[in-house]
């Protein structure tokens, strides 16, 4: 009887170990699927915003946010919904915000960019009638921490990409590159997004990634000499914000 009980216990033990293995394997696979979904979701967001911006400019002949006839032409765009005209100068906001800054005020062209797209029914990630600045309201939320801004990247003396940029960052206001403001994305995920969309280097091309500790790399100082790509791909801790050039088709 003792031997039978012992044998039965070993069978039970083996079954339990198999079940545990399946559960662990399923959990790992689930995390991997979520990880890949966030990366692909981020890329798809950017592609949607590119397409929406292109369609807006083709339709209204100005960039969203910069349209000076928004109050008369965009459905539901009124003072009561905190919608405003731009100045039609070809820029969204001003070029000299200072390195690391964004403008999240409702009246700014940078925020109106998203409200104009929403009022024109070209995106649905923001509320066209939002009367306060928040991710998921006036600005799109991201698949990671925080959400998206737009700003001009032609600061005099600052090493930013030229032209109009999406900024993926953790906080709705203040400067990026600040640890206390919860950077948006980890270096390993940022590196994959860069390779899928661009050249895989943190400080060149269309996609740039900047960490809270460094001005030219995502978790690694000096994207040129010490990187070599500027990404610390062993790091899963969010330390980076991303800058992605707006691409008009």
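The values are calculated or read from the model by the stated rules, or taken from the named source; none is laboratory data. All of these numbers come straight from a predicted model, not from anything done at the bench. Reconstructed Cβ throughout: ideal geometry from the backbone, glycine too, with neighbour counts over all protein chains shown.
Does the stretch 57-86 hold any residues that are touching a residue at least 60 places away in the same chain (Cβ under 8 Å) and on the phi < 0 side of the Ramachandran plot, and which are they? I'd like the intermediate steps shown before the answer.
Kept after step one, since they are touching a residue at least 60 places away in the same chain (Cβ under 8 Å), are these residues of the stretch 57-86: 57, 59-60, 63, 65.
Hits for the stretch 57-86 are 57, 59, 60, 63.
Within the stretch 31-46, can one find any residue that is closer than 25 Å to residue 77 by Cβ and either at pLDDT below 70 or assigned to a helix (DSSP H, G or I) (or both)? First the steps, then the outcome.
Taking the stretch 31-46 as the starting set, the residues that turn out to be closer than 25 Å to residue 77 by Cβ are 45-46.
From what's left, either at pLDDT below 70 or assigned to a helix (DSSP H, G or I) (or both): 45-46.
There is at least one residue in the stretch 31-46 that is closer than 25 Å to residue 77 by Cβ and either at pLDDT below 70 or assigned to a helix (DSSP H, G or I) (or both).
Screening residue 102 against (1) under 13 Å from residue 52 (Cβ atoms); (2) surrounded by 23 or more Cβ atoms within 10 Å (Cβ to Cβ); (3) touching a residue at least 12 places away in the same chain (Cβ under 8 Å) leaves a single unmet condition, (1). Please find, within the stretch 64-105, the residue that is farthest from residue 117 (Cα to Cα) out of those that are at pLDDT 95 or above and under 20 Å from the mean Cα position of the chain (by Cα). Filtering first and then ranking leaves 65.
Restricting attention to the stretch 173-224, the residues that are touching a helix residue (DSSP H, G or I) at 6+ places or on another chain (Cβ under 6 Å), at pLDDT below 75 and either under 18 Å from residue 144 (Cα atoms) or surrounded by 17 or more Cβ atoms within 10 Å (Cβ to Cβ) (or both) total 1. Residues of the stretch 70-87 include none that is surrounded by 16 or more Cβ atoms within 10 Å (Cβ to Cβ) and in contact with a strand residue (DSSP E or B) (Cβ under 9 Å, 6 or more places away or on another chain).
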